[in-house]
1. To the nearest 0.05, what FRET efficiency results for Asn214 and Asp115 with a Förster distance of 25 Å applied to their C-beta separation?
2. Percent relative contact order of segment 124-212, based on C-alpha pairs within less than 8 angstrom and at least six residues apart?
3. Count the net charge of all other residues whose Cβ sits under 15 Å from the Cβ of Arg174, scoring Lys and Arg as +1 and Asp and Glu as -1.
4. Under the classification rounded if a/c is under 1.5, otherwise prolate if a/b is larger than b/c and oblate if not, where does segment 124-212 fall, given a ≥ b ≥ c as square roots of the Cα gyration tensor eigenvalues?
5. Taking amide H atoms as placed 1.01 Å from N in the peptide plane, list the residues 5 or more away in sequence, or in a different chain, whose amide H sits under 5 Å from that of Asp160.
6. Using packing as a proxy for protection, rank 134-144, 180-190 so that the peptide with the highest average count of other Cβ atoms within 10 Å comes first.
7. Could you give each residue of segment 113-122 its phi-based ³J(HN,Hα) in whole Hz, using Karplus coefficients 6.51, -1.76, 1.60 with θ = phi - 60°, and x for Gly or Pro?
8. Want the number for Cys153 to Ala125: 0.36 nm per residue separation, take away the alpha-carbon distance, what's left?
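Any read-out appearing in this document is the output of simple, stated calculations on the displayed coordinates, not a laboratory observation. None of these values were measured; they are calculated from a predicted model. Using ideal geometry, Cβ is built from the backbone for each residue, glycine included, and neighbour counts are taken over all protein chains shown.
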Amino acid sequence: MTARGAQSTKSTSSRSNAKKRSTASTSKSSVKKTQTPPPRRRDDEGEVKKRGVGRPKGSGKYGEPTKAVRLPVSLVGQLESFVGRRGFVFPLYSNQIQAGFPSPAEDDVPFEPYDLGAKLIPNPASTFFIRVTGESMRDAGIFPDDVLSVDRCLEAHSGDVVVAAIIGEFTVKRLYRTARKVELRPENAKFRPIVVTDDMDFIIWGVVKTVIHNL
């Protein structure tokens, strides 16, 4: 082999080795680029944030930690309104009001939070509301246009005020059960009790828990 041929072979070998090194370097670089980046921290609202950036927890709009949740679009407006009102929690003043002679009012009256929603609707999934017509329950404090909260998950006992369907019509009456018969009794002397017989289509829809009455 001539000197020129040996030099050419050496040059070709050097270029081949350089190409291999370049390919290996490119491969390593590609591996580094395609590696999954470490997860970034998310804030309470679910937004991606860099560490050490943003407001401290509990210092936002609500003054306490929040949580990201998925909601049906149809309920977003109702829930935004609910959150804006802080639920149904209202102040309940510890001083009792006099129905007889009034007592002097105080400037700073202590109160405690009163959850109206929990009071009216202890079992939301089984509660419905119904408006009253007629005066058959007047003496029980139930008047026309009052709204009743009715709980369907409670077992109806004798003496409970119930909403029942009888012969295809709704009625609100006080339930009385004996070994021999079942009666739906009104709370008004002008009305007669309904005696439930075996041939009647009769079902109790729920127990009345609360009466919403406007003065």
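1. Result of the calculation: an efficiency of 0.70.
2. Details: 195 pairs, mean separation 28.8, N = 89.
In percent, rounded to a whole number, it is 32.
3. Numbers: positive: Arg138, Lys173, Arg177, Lys181, Arg185, Arg192, Lys209; negative: Glu135, Asp139, Asp160, Glu183, Glu187.
The answer is +2.
4. It is oblate, given that a/c is not under 1.5 and a/b is not larger than b/c.
5. Residues meeting the amide H criterion: Leu175.
6. Most protected by this proxy first, the peptides run 134-144, 180-190.
7. Once rounded to whole Hz, the list reads x, 10, 7, 5, x, 5, 6, 7, 10, x.
8. 9.2 nm
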